[in-house]
Amino acid sequence: MTLRLFNTLTGEVDLLAPADGVALRMYACGPTVYDYGHIGNFRTFLQVDVLRRFLRLTGIKVRHVMNITDVDDRILHNAAEAGVSIREYTAVYEQAFFEDLEALRVERPEVMARATEHIPRMVELIQKLAAAGAAYQTEDGSWYFRLAAFPEYGKLSKKDLSGMEDGARVDLDEYEKDSARDFALWKAAKPGETSWDTAIGRGRPGWHIECSAMAMEYLGESFDLHAGGEDLIFPHHENEIAQSESVTHKTFARHWMHVRFLLVDGRKMSKSEGNFYTLRDLLLKGYKASAIRLALISVPYRHQFNFTFDGLIEATSAIERLRTFRERLRMGVFATGENPALQASAKKAQAEYLAALANDLNTAEARAPIFDLLRAANTAMDQGLLLAGDRDAILAVLASFDAVFDVLEDRDAEATRRALEWAVQAGRLSDVAPELLARQGLTDEAIDALVAERSLAKKQRNFARADQIRNELAEKGVVLEDSKDGVRWKRK
RNA sequence: GCGCCGGUGGCGAAGCGGUUAACGCGCAGGUCUGCAAAACCUGUAUACGCGGGUUCAACUCCCGCCCGGCGCUCCA
C-alpha cells in the first residue's frame, strides 16, 4: 500500500515513500506560541497527524520534526507588554499547545525544536549564505536574503517574479534592501528587545531561517516531506527553499503537503467576525474532543472545510454509533466459527478503507466502508449469524480505522475536565456552558443513587417517580438506558 | 485586478466520461420498552449553481456567467 499524495512542488499527486527505504523524514511547521491554538491551527496539525498515522499503519517508520516558533514580533511585543521574558511568555502557550494536542489525540512528533534553542545553527546558515553571495548585511546590522541569487525562486508557489518591479512596493523602513522582495534572515536588535549576540551581530532570527536550520539539523540537507498550512506556501516555504538550496544545492524537501484553510459558518474565521474559536472555547461549550477531532479530519486536507456546530453534533452522533457497535462486538457471546459472507465484508472494508487513504488521504471516502461493515455486522448479529471469528476480523478492521482516526476510545471526559480546570484557573468560567457545569456538579455516586431509586420505583410500578428521576438526570446531561442487563447511564 | 480552488438530496460530504450518484447526520416508519431513551432494521417518489459547447454518452471534459473561498502582505 503506497501513499499517493498531492505535491505542491510538482502540482501532481506523487508517490510518497522514504528515500532511504527505512523511515520517512518529514518536517511540519508548528505553532508560533503567542496565544492559544485555534481550530484552524488544529485542522492542519490533525491532518498531518492523519498522514503520519497512515504511514505507520502501512509499516513505514516516521521521523517527524516540528518547530516551535518562540521568538517573533508578536511574542516580543506581547511579552514586553506583560513585562515578562519571552521564555516566560511563550512557556504558557507552549504548554497549552501540548495539552491541546493531547486532547485531540495528535501524536507527538519525534522531534520538537524550539527556535530559540537553535540560534547558532541559524547563524551558521546565514554565514554560509553570505559566503555564497546570497545574503548581505544592511547598515542597521540586519541580514537579508538576495532573491536575485536564487533563480529558481517561485518554483513552489508557481510565481514568476522576473517581471515584477521593485519600485512601487518598497516600504519606507526597508530602503536599505537591495530589492524590495529580499527577505530578512536576521533582524538587528532594537533597544530593549530580546536579542542574541552572535558572530553576525546582535539581533534575532527572521522567521524563515529557523525552519531551514532545524530541518537540516534533524533531517539532513535533503528530506522526504515538508508540510504546513496553505498560507505558508508563500512566502514562508518558498523562502525556506531559497535559503536552504542556495547553500546545499540539493533539493530541500522532495514533497510538499499543504492543508487548506477552514471556514467557519461559510466565512473566513477571524476575531473581528466573531467566529474565531480556540480548542478550549469548544471544549468549554461542551463539545467533545473526539467530535472535534473527527469533524476536523473528515473532510480531506485539500478541500476547504466549513466548520459548524451542526457538524460537531453530527460527528458526536457518528462516534457514538461506532463506539456502541464496537462495544456490542466486544461484549457479545458468539459461537465459534466464521461466516464466509462476513469475512468477505471485513476484508472488503479493510481494503477499501486503506485504498481511500492511500489515495491522497481521502478521509471522507475512508469512513464509508467502515459504516458499511457496521451495518452488515449489526444485521448479522440481529440474525444470530455473526460468529466469533467474524467478531475478531471486524474488530481488527475497527482497530486499523482507529489507528488513524483515533476516536473510538472514550477519553473525552478527561479532556473536558482539564479544560474546566483551566477555565477556573484562567478566570474563564463565564465561558463555560451552564449545562456543562451542571453536569460536572453531579458525582457518579449521586447518579448511581438516583438510578437505584428509580429502579426501585419502577419495580413498584411507580412510573411517575421513575420518570421524574429520569427527566431530572436528563436535564443534567445524564442519559439512562434500560436494558435486560440492568440500567446503564452515561454523560452526554 | 492577476492567479488558484470549490458550488452534489433537509444538512455535511465522496465520486468525476457510461455506477442503482458512496458514506454520515437528520427525518419517518418498524423491532424492543410500562412509556421513553439507547440500540438495531427499513425507508427518505426525478440532489450534481446557470447558459452554451465537445462526445454515441457529461455531475464528471471545454468556454462564458453567477456565487463562495484562498493566495498575491502577518496568518495553520
Legend entry - Which listed pairs, of A:Lys348/A:Lys490; A:Lys268/A:Lys490; A:Lys61/A:Lys347, have C-alpha distances above 29 Å, in listed order: A:Lys348/A:Lys490; A:Lys268/A:Lys490
Inset, instruction - Enter the angle in degrees (range 0 to 90, nearest 10) between the Cα long axis of helix A:289-298 and the first principal axis of the Cα atoms of chain A, meaning the one along which they spread out most. - result: 60
Inset, instruction - Ignoring everything but the protein chains, give the 1.4 Å probe accessible area of A:Asp392 in square angstrom, nearest 10. - result: 90
Legend entry - chain A, relative contact order [Cα under 8 Å, separation at least 6], %: 16
Legend entry - Fully extended contour minus Cα-Cα distance, from A:Ala344 to A:Ala399, at 0.36 nm per residue: 18.1 nm
Inset, instruction - Work out Dmax and Rg for region A:267-405 from the C-alpha atoms and quote the Rg first, both in angstrom. - result: 17.6, 61
Inset, instruction - Quickly estimate the mean residue ellipticity at 222 nm for chain A, helices only: each DSSP H run with n ≥ 4 gives -39500 (n - 2.57), and the total goes over all residues, rounded to 500. - result: -15000 deg cm²/dmol
Inset, instruction - Heavy atoms only, probe 1.4 angstrom, no DNA, RNA or ligands counted: give me A:Met66, A:Met331 ranked by accessible area, highest first. - result: A:Met331, A:Met66
Inset, instruction - Measure off 7 Å from each Cα along the Cα-to-Cβ vector at A:Ser179 and A:Lys155, then give the distance between these two points in nanometres to one decimal. - result: 1.6
Legend entry - Convex hull projection area averaged over all views, region A:326-426, Cα basis, nm²: 8.1
Inset, instruction - Would you work out the relative contact order for region A:1-149, in percent, from Cα pairs under 8 angstrom that are 6 or more residues apart? - result: 21
Legend entry - region A:176-255 and region A:395-425: distance between their alpha carbon centers, rounded to Å: 36
Inset, instruction - State log₁₀ I(q)/I(0) for region A:420-491 at q = 0.15, 0.16, 0.17, 0.22 Å⁻¹ as given by the Debye formula over alpha-carbon point scatterers of equal weight, solvent excluded. - result: -0.56, -0.61, -0.66, -0.92
Legend entry - For chain A, convex hull of alpha carbons as volume per residue, Å³: 166
Inset, instruction - Rank these residues by their accessible area, most exposed first, probe 1.4 Å: A:Arg204, A:Arg418. - result: A:Arg418, A:Arg204
Legend entry - Projected-area average for region A:357-483 over all orientations - Cα convex hull basis, square nanometres: 12.5
Legend entry - Rounded accessible area of A:Val22 (nearest 10 Å², 1.4 Å probe): 80
Legend entry - Over 20 Å between alpha carbons, listed pairs A:Lys458/A:Lys492; A:Lys459/A:Lys484; A:Lys187/A:Lys271; A:Lys158/A:Lys187; A:Lys128/A:Lys190; A:Lys285/A:Lys492: A:Lys458/A:Lys492; A:Lys187/A:Lys271; A:Lys158/A:Lys187; A:Lys128/A:Lys190
Legend entry - Size of region A:34-94 as Cα extents on the principal axes (Å, biggest first): 49, 22, 17
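The values are calculated or read from the model by the stated rules, or taken from the named source; none is laboratory data. Note that this is a predicted model, so its numbers are computed, not measured. A quick note on method: Cβ atoms are made from the backbone with ideal geometry, for glycine too, and the neighbour counts reach across all protein chains shown. Heads up: the accessible areas ignore ligands, DNA and RNA and are worked out on the full protein's heavy atoms, side chains in. Shrake-Rupley method; radii C 1.70, N 1.55, O 1.52, S 1.80 Å.
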